[in-house]
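Computed from the coordinates by the stated procedures, all read-outs in this text should not be read as laboratory data. Just so it is clear, the structure is predicted and the values come from calculations on it, not from any experiment. Because the Cβ atoms are built from the backbone with ideal geometry, glycine has one as well, and the counts that use them run over all protein chains shown.
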Protein chains: 4
Amino acid sequence: MIRDQESAERLREMPVTTHQVRVRYAETDQMGIVYYANYLVWFELGRVELLRSLGLAYSQLEKEHECILPVVEATCRYRSPARYDDEILIETRPAMLRGSVLKFAYRILRKGVDGAEPTLLAEGETVHIVCDDQLKRKALPVHYAEALRKLLPQHRGHE
Amino acid sequence: MIRDQESAERLREMPVTTHQVRVRYAETDQMGIVYYANYLVWFELGRVELLRSLGLAYSQLEKEHECILPVVEATCRYRSPARYDDEILIETRPAMLRGSVLKFAYRILRKGVDGAEPTLLAEGETVHIVCDDQLKRKALPVHYAEALRKLLPQHRGHE
Amino acid sequence: MIRDQESAERLREMPVTTHQVRVRYAETDQMGIVYYANYLVWFELGRVELLRSLGLAYSQLEKEHECILPVVEATCRYRSPARYDDEILIETRPAMLRGSVLKFAYRILRKGVDGAEPTLLAEGETVHIVCDDQLKRKALPVHYAEALRKLLPQHRGHE
Amino acid sequence: MIRDQESAERLREMPVTTHQVRVRYAETDQMGIVYYANYLVWFELGRVELLRSLGLAYSQLEKEHECILPVVEATCRYRSPARYDDEILIETRPAMLRGSVLKFAYRILRKGVDGAEPTLLAEGETVHIVCDDQLKRKALPVHYAEALRKLLPQHRGHE
């Protein structure tokens, strides 16, 4: 479900939301690098900021629309370690929306110093099912769905 | 509110609940020691196991009695660092219960190897207010309050 | 690299290491379920306990053999949510060892109450590269490699 | 060591470093509020940004000066809960520097909406011992000590 070379290529050409964070001491482990589970926390920040950039708030989705987005699958491929105090770029794009199933793709990069290119640190995907607070499937509110659909690679392919 | 030499001495003589955990890799930081916020997670494990040892479950307290125990004050004094894979003893005792205010005291120790004495790693206290799920004060259910009171240093002093 | 239906079936017949933990309050989020990144922490506990069950300690691997096992890929498929205070079973098995590449497979289950069958909550895999502390590839110490190879599905198929 | 009413009053008049973060989903728990240990992570962010605002980097302190700042005492008093997606202000000031002992004071606030005053959520302190990487006491590099001393409440009192 998660990996598909063709769509990956198309995703690469997509516009993305980029959110910046700095590595926290709490996120490192005794290897001196960021503990691997914390990349999934960064993915969460990325998708929240993607929604926010569309004028949509995940907190409103929960409170007003009684919609939650539990994750049913998460994958991360780690390329190069992130270290304490690194400036991290989280790139996020919607990758699929079919019924109640929503998929996001992410790239984690270390910001380049003095205008240098960023370094790719990790890539990944998460798949979510739109649910009510009893974890029963439901549809995403229409204005969320429409805003996300416009950013899908399929949609762009039709242009 | 938290520090009181006299009660600290009395606490030392008290029976305690001891819960054992092993340090997780995720809990270390790049200093090679356990990140300082994680001791507060261990305190939480200690007070949950204290309640469990009394036949009381914190999960039932939330679900059946609609009681939560948000923390209003937490202190930890760090004596010696915990390291990855250490076997940790979490000692917990109720230290005060007045109306809706409940205080626990904790000691964190590293288990001794081959029968050696444990090493004290940290000590601390947490103060909680018994609340409903709207964060309004309420009384602790009677059987919780009675079970905890029997373990208070004041109570023992009267024996 | 990670998903392979045939090997998945063989994995199902394998003996496993089972490690038990209880869901911590700190591991829940405001959905009332365990935050999705924490399953990767449980995977880490599982592979450490697998090594320990073989008489091998991950802490010794780092200290004595100057070997670390950074993760290059992690996947988790979430089936049913874990909740606060649940008793969790972490099943772990080595799934592949080729040169410096080591793969583990995991199943996360909720322990059944009163003798009931456990419920599958999540499944996943992690792929690691055996490295020195400068993150350069190296071979796993021989006795680690041998102990793990005996548990691989391929090895069992030859019996 | 940590609480001292008079110095607390003086601290209130001090200039501070303010760092802004947004509450992450991962930081909430099933009470629907931020888990209490995470305030200590915010304190860490505050003291790092305080150093950065002085042109000093904690990462350089570790790498170039082989100085680490393990915490020997941490206290947090929780006034009002932080919730998911809240914009949080972390105010930090050095509160004491004597030999190898360094103390910071913190206030955590929720940013006011539409120009409203911020709401105080928590206050706290951390005490650190300046150490080398073997956890032996040493002096803070001179330019770090001087920059911090200028911000101490005592120093300001002399002006």
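Compactness ratio for chain C: Cα radius of gyration over 2.2 N^0.38 Å (N = residue count) comes to 1.06. Partner shielding of B:116-126 amounts to 1, given as the average count of beta-carbon atoms from other chains within 10 Å of each residue beta-carbon.
Averaged over the residues of peptide D:52-59, the number of Cβ atoms from other protein chains lying within 10 Å of each residue's Cβ is 2. Ordering D:113, D:124, D:143 by Cα displacement along the dipole of chain D toward the positive end leaves D:143 in first place; charges were set at the Cβ atoms of Lys, Arg (+1) and Asp, Glu (-1). Of all chain D C-beta atoms, the nearest to the rotation axis linking D with A is recorded, alongside its rounded Å distance, as D:21, 5. Projecting 7 Å from Cα along the Cα-to-Cβ direction, the label point of residue D:113 sits 3.9, 4.2, 5.6 nm from its equivalents in the other copies, listed shortest first. Between the C-alpha center of segment C:104-144 and that of segment B:61-119 there is a gap of 29 Å.
Note on chain D: with a GNM built from Cα contacts shorter than 10 Å, the maximum mean-square fluctuation among D:28, D:92, D:126 falls on D:28. Rg over Rh for the protein assembly as shown works out to 0.95, both radii taken from alpha-carbon positions and Rh defined as the Kirkwood radius.
Plainly put, the tip 7 Å out from Cα toward Cβ on residue D:55 is 4.5, 6.0, 6.8 nm from that tip on each other copy, the closest given first.
Per-residue 3J(HN,Hα) values for segment D:91-97, derived from phi via the Karplus relation 6.51 cos²θ - 1.76 cosθ + 1.60 with θ = phi - 60°, read 9, 9, 8, x, 10, 6, 8 Hz in sequence order (x marks Gly and Pro).
Expressed as an acute angle from 0 to 90° and rounded to the nearest 10, what is the orientation of the C-alpha long axis of helix A:38-53 relative to the principal long axis of chain A? Once rounded, the angle reads 50 degrees.
Counting Cβ atoms of other protein chains within 10 Å of each Cβ in C:37-46 and taking the mean gives 6.
Sorted from closest to farthest, the other copies place their residue D:101 label points 2.7, 5.6, 6.2 nm away, with each point set 7 Å from Cα along Cα→Cβ.
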